[in-house]
Ligand SMILES: NC(=O)c1ccc[n+]([C@@H]2O[C@H](COP(=O)([O-])OP(=O)(O)OC[C@H]3O[C@@H](n4cnc5c(N)ncnc54)[C@H](O)[C@@H]3O)[C@@H](O)[C@H]2O)c1
Ligand SMILES: [Zn+2]
């Protein structure tokens, strides 16, 4: 079972990502190892659906380590990443009498992880957090890296904090109950990490997609290696740029992880988060960014095709060609305002070689052309 040590600036020691099949049963031992004997209470935050599937197992193994465990469950959906839910989460932590030596366990997808992580970050100015991600997206992306937060009416993730977990436990078995679209979404984020990470990671991801076909073969022995490779990549980028420095534009800046995300956020906004799963929107967003890269003379057509094929292998994406281009461009401009007038495009020079383009250079006409080409219906 791979155990991946991760170095951070904020924790005095490395933390570990445990990856394997059936690792939910190890959560108790992991929690005891990283919190120590002084720790008495754990506050488990999950959602109803995930808790009904895996809550009992996790509660049992935590109790077996003599933790007094209380649970609190949120409803489904992105709308739960709100200040209102945060206030309830903090009330829950107060009610359990959680001390600074105790901990929060986040059991669920990225929504649970971001909300519970943020509650852990701000309660008593920070209590230990253990992430137990149960979606592929959360396993390869959101649970690693320490970004936590909630949304405001004005936009996603506008309030948040960097709070590194003390441990992450990834159980591949939990993916067997994941709806197909959620798998597609997670696989799109894997393709993204490969596209900006290295040709090796891209190839490993593509080989897995080729071999396992749609829907992805969750029993494949390659899956564990793939998830471990993605966690290692994400952890490496994060430890080199933990707080996403504003001024960095080099190829190892944390910003490269936002490849495809400018368009993805616009797609999510104009459809009020109803049409696309986040990772699906990233699938489209990467294609637009690749078309832009090609139109700017940076990326060869053959590289763009490699990326397109990999995205198609993740599974079907909801059609985006019927959306109003003007609205999308407006949503992109809004993002730009929030970033103090400078939109940084994450582009590609080739697979595995990102380029951060700082401001300017992308005209609305070029953007329109790229949107059209990316969203065109294909046979
Ligand atoms: N913090 C970060 O660095 C970071 C990175 C990427 C994304 N995110 C955030 O992550 C969120 C998206 O996360 P997500 O895609 O995991 O969505 P999600 O948390 O909404 O989970 C998706 C759905 O899958 C269900 N589910 C979860 N695990 C399951 C399982 N094992 N079996 C069956 N159903 C299961 C959930 O109930 C939900 O309906 C967004 O809010 C995004 O902003 C954060
Ligand atoms: Zn994403």
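Summary of values
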{"quantity": "Segment 251-273, subset touching a helix residue (DSSP H, G or I) at 6+ places or on another chain (Cβ under 9 Å) and outside any helix (DSSP H, G or I), residue nearest to ligand 1 (Cβ to nearest atom)", "calculated": "273"}
{"quantity": "Residue among 53, 44, 62, 24 that alone is crowded, with 19+ Cβ neighbours inside 10 Å, assigned to a helix (DSSP H, G or I), within 16 Å of ligand 1 (Cβ to nearest atom) and modelled with pLDDT of 95 or more", "calculated": "24"}
{"quantity": "Residue in segment 236-250 that is in a loop (DSSP other than H, G, I, E, B), within 16 Å of ligand 2 (Cβ to nearest atom) and either closer than 30 Å to residue 335 by Cβ or in the same structural domain as residue 158 (by TED's automatic domain parsing) (or both) present", "calculated": "yes"}
{"quantity": "Selection status of residue 348, surrounded by 22 or more Cβ atoms within 10 Å (Cβ to Cβ) and at pLDDT 95 or above", "calculated": "yes"}
{"quantity": "Residue that is away from ligand 1 (no atom under 13 Å from the Cβ), touching a helix residue (DSSP H, G or I) at 6+ places or on another chain (Cβ under 6 Å) and either modelled with pLDDT of 95 or more or under 26 Å from residue 12 (Cα atoms) (or both), where the choices are 119, 106", "calculated": "119"}
{"quantity": "Residue match in segment 181-195 (condition: under 21 Å from residue 289 (Cα atoms), within 16 Å of ligand 2 (Cβ to nearest atom) and in contact with a strand residue (DSSP E or B) (Cβ under 9 Å, 6 or more places away or on another chain))", "calculated": "yes"}
{"quantity": "Among residues of segment 274-325, those that are free of Cβ contacts under 8 Å to residues at least 60 places away in the same chain, within 16 Å of ligand 1 (Cβ to nearest atom) and buried (at least 19 other Cβ atoms within 10 Å of the Cβ), counted", "calculated": "3"}
{"quantity": "Cβ-Cβ under 8 Å pairs, at least 6 apart or on other chains, segment 139-152 side within 19 Å of residue 166 (Cβ to Cβ) and assigned by TED's automatic domain parsing to the domain that holds residue 186, far side more than 13 Å from ligand 2 (Cβ to nearest atom) and modelled with pLDDT under 95", "calculated": "none"}
{"quantity": "Residue that is surrounded by 24 or more Cβ atoms within 10 Å (Cβ to Cβ), within 29 Å of residue 273 (Cα to Cα), under 13 Å from the mean Cα position of the chain (by Cα) and assigned by TED's automatic domain parsing to the domain that holds residue 160, where the choices are 136, 129", "calculated": "136"}
{"quantity": "Residue match in segment 92-108 (condition: closer than 23 Å to residue 53 by Cα, within 16 Å of ligand 2 (Cβ to nearest atom) and in contact (Cβ under 8 Å) with a residue 40 or more places away in the chain)", "calculated": "no"}
{"quantity": "Extreme residue, nearest to ligand 2 (Cβ to nearest atom), among residues of segment 27-41 that are within 22 Å of residue 227 (Cβ to Cβ) and surrounded by fewer than 21 Cβ atoms within 10 Å (Cβ to Cβ)", "calculated": "34"}
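The values are calculated or read from the model by the stated rules, or taken from the named source; none is laboratory data. Small disclaimer: the values here were computed from a predicted structure and weren't measured. Because the Cβ atoms are built from the backbone with ideal geometry, glycine has one as well, and the counts that use them run over all protein chains shown.
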